[in-house]
1. Taking into account only those residues within region 1-37 that are closer than 26 Å to residue 493 by Cα and surrounded by fewer than 20 Cβ atoms within 10 Å (Cβ to Cβ), which is modelled with the lowest pLDDT?
2. I'm checking my understanding of the structure. Among residues of region 111-148 that are modelled with pLDDT of 90 or more and in a loop (DSSP other than H, G, I, E, B), which one is surrounded by the most Cβ atoms within 10 Å (Cβ to Cβ)?
3. Of all the residues that make up region 229-250, how many are exposed (fewer than 12 other Cβ atoms within 10 Å of the Cβ), outside any loop (DSSP other than H, G, I, E, B) and over 36 Å from the mean Cα position of the chain (by Cα)?
4. Just to be sure before I move on: is residue 166 touching a strand residue (DSSP E or B) at 6+ places or on another chain (Cβ under 8 Å) and at pLDDT below 95 in the structure I sent?
5. Quick check, is residue 173 buried (at least 20 other Cβ atoms within 10 Å of the Cβ), within 20 Å of residue 487 (Cα to Cα) and out of contact with any strand residue (DSSP E or B) (no Cβ under 9 Å at 6 or more places or on another chain)?
6. Hey, can you tell me all the residues within region 251-269 that are surrounded by fewer than 20 Cβ atoms within 10 Å (Cβ to Cβ) and either under 26 Å from the mean Cα position of the chain (by Cα) or under 20 Å from residue 208 (Cβ atoms) (or both)?
7. Could you run through region 88-102 and say how many residues are within 17 Å of residue 148 (Cβ to Cβ) and either modelled with pLDDT under 95 or surrounded by fewer than 19 Cβ atoms within 10 Å (Cβ to Cβ) (or both)?
8. Taking the stated definitions as given, is residue 105 modelled with pLDDT of 95 or more and either within 21 Å of residue 12 (Cβ to Cβ) or touching a strand residue (DSSP E or B) at 6+ places or on another chain (Cβ under 8 Å) (or both)?
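The values are calculated or read from the model by the stated rules, or taken from the named source; none is laboratory data. The structure displayed is predicted, hence computed values, not measured ones. In this analysis, Cβ positions are derived from the backbone assuming ideal geometry, glycine residues included, and neighbour counts consider all displayed protein chains.
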């Protein structure tokens with residue numbers, strides 16, 4: 001059963017069943033209560049249809065209501081537009097409805113930084129749909145939903161796109177839940193780390209003591225005052241001491257033998273920590289609350305963007321959630337009596353390539369716990385060289401040591417290499433490629449037909465490298481989404497705030513009571529098996545997750 005949902009902005013809204021023929025419209029004063037009742041009224045929960053999970057679901061979650069399934073029309077519209085090489089076009093409910101009626105298409109609404117997270121609570125969004133004033137939003141939603149189902153049904157492989165739309169929508173649910181629950185974060189530990197590395201917190205606008213000392217020492221090493229935060233000044237200083245460089249990138253500076261270089265590199269490292277995860281970041285993104293015995297507990301609550309990257313990987317609106325730097329990871333700690341369960345799908349992309357290409361030899365290697373160790377037997381037992389060879393195949397690296405390794409990979413795994421080579425040729429020729437479920441790469445643009453000569457060739461080869469990796473990376477993102485959707489449905493009943501609290505590419509982290517750790521680990525294993533079976537059927541390829549239970553993320 002599918003039920004359309006529209007919020008009124010005051011805690012209520014309208015509901016309508018959509019299966020076969022639309023049912024009667026039901027006005028409800030308490031939308032959260034009505035959704036909760038319908039969610040639990042039948043053994044099989046409904047699939048909720050709404051304009052965008054990020055506009056409706058966060059308020060349901062704040063009210064203590066979680067749903068199993070939904071159809072997010074904005075996310076689905078973006079997938080369907082992308083399938084027909086219309087990336088970047090507006091995908092809101094109002095945009096989809098306008099296209100149906102031949103009207104001017106409005107731009108998608110701009111979502112302010114942090115809005116919709118638990119740190120920035122708001123009522124149900126009354127209308128972020130961009131529909132014309134006075135439009136019946138429930139009728140528009142039902143019309144756009146029906147049109148999307150029809151467009152999917154007319155695709156060459158509709159079942160795959162249906163699955164992609166379902167797991168993309170499930171990702172929207174998970175994103176709202178993770179943003180609300182947050183990754184457990186100890187503000188006191190974070191402050192200790194910053195103080196250890198940077199010195200005591202300075203007044204606003206001033207450098208921390210350690211950075212100030214490094215800046216002074218850099219000036220002494222050069223012979224005059226230098227602002228290390230200014231690339232232009234650093235470039236002039238390097239030329240002044242007789243070591244001109246083309247940029248201030250770390251790998252460029254590392255080639256220079258001069259006492260100032262270690263100081264500059266250390267300054268860059270600590271300045272990055274101060275700007276990206278310093279005290280201001282801590283105050284902005286970590287919500288603090290008191291714990292037992294005066295313990296300071298907190299939650300890192302980023303604002304996730306589902307499908308924020310063309311390959312289907314997620315992005316965030318600020319906070320840098322998709323990479324927790326090693327320097328601050330020991331601040332990520334489970335609450336007292338709770339644990340973290342981390343599951344990381346190692347070597348995911350090579351395993352995906354084995355599954356989608358149908359290469360029996362690579363699939364046999366991917367049946368092992370360590371795929372690279374199996375490949376190493378063919379390159380003198382050197383596991384690192386085997387890894388370089390496989391990554392070269394997927395990313396199109398042909399220079400240096402990669403060339404002979406790539407030739408070896410091509411001889412050993414011809415079907416796998418032909419799969420990515422074909423994708424590269426399509427990209428070089430100006431075409432588009434698709435993931436396993438149908439996510440489509442962006443078209444290369446006007447240059448593919450208009451730019452000639454060396455520059456045109458360089459651009460075409462670059463796009464070929466992009467499409468070569470797209471068919472693997474986008475499918476890996478799909479596998480991770482299916483895993484996330486399956487895991488949401490398989491976790492045991494949890495108290496408030498427990499469950500999946502972090503998700504990045506090929507890694508999930510759960511925060512659960514210690515007595516539910518065993519059940520959570522089993523749920524991860526079952527979700528992994530289900531994800532592989534749903535996507536690839538009966539395949540010998542393994543996708544080992546190896547869940548680890550710990551109190552401290554830094555120990556993983």
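1. Residue satisfying both the conditions and the ranking: 1.
2. Checked region 111-148; the qualifying residue surrounded by the most Cβ atoms within 10 Å (Cβ to Cβ) is 131.
3. 1
4. no
5. Against the criterion (buried (at least 20 other Cβ atoms within 10 Å of the Cβ), within 20 Å of residue 487 (Cα to Cα) and out of contact with any strand residue (DSSP E or B) (no Cβ under 9 Å at 6 or more places or on another chain)), residue 173 does not qualify.
6. Scanning region 251-269 gives 262, 265, 266, 268, 269.
7. The total comes to 4.
8. Here the answer is no, as residue 105 does not meet what is asked.
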